[in-house]
Amino acid sequence: MKSLATKLRRFLVSEDGPTAVEYAVMLSLIIVVCLAAVTTIGSNASSVFSKVANSIK
């Protein structure tokens, strides 16, 4: 039982868990921003190509 209490205390004092969670949150936010930027750039590029195609006709 003492070993379990010691392991639990070490786990609560350790900062590995919260650090991993922070990195995961940062990574997910970066991915969301990248996806939003790619989507916006893609729709803007599509509208520009459509305008060019219509002006060529």
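So which residues in region 4-27 are basic (Lys, Arg) and loosely packed, with under 10 Cβ neighbours inside 10 Å, if there are any at all? 10 - this is the single residue of region 4-27 that is basic (Lys, Arg) and loosely packed, with under 10 Cβ neighbours inside 10 Å. For residue 31, are the conditions met, namely being surrounded by 10 or more Cβ atoms within 10 Å (Cβ to Cβ) and either more than 31 Å from the chain's Cα centre (by Cα) or at pLDDT 90 or above (or both)? Yes.
The values are calculated or read from the model by the stated rules, or taken from the named source; none is laboratory data. What you see is a predicted model; the values in this text were computed from it and never measured. No Cβ is skipped: glycine too gets one built from the backbone with ideal geometry, and neighbour counts run over all protein chains shown.
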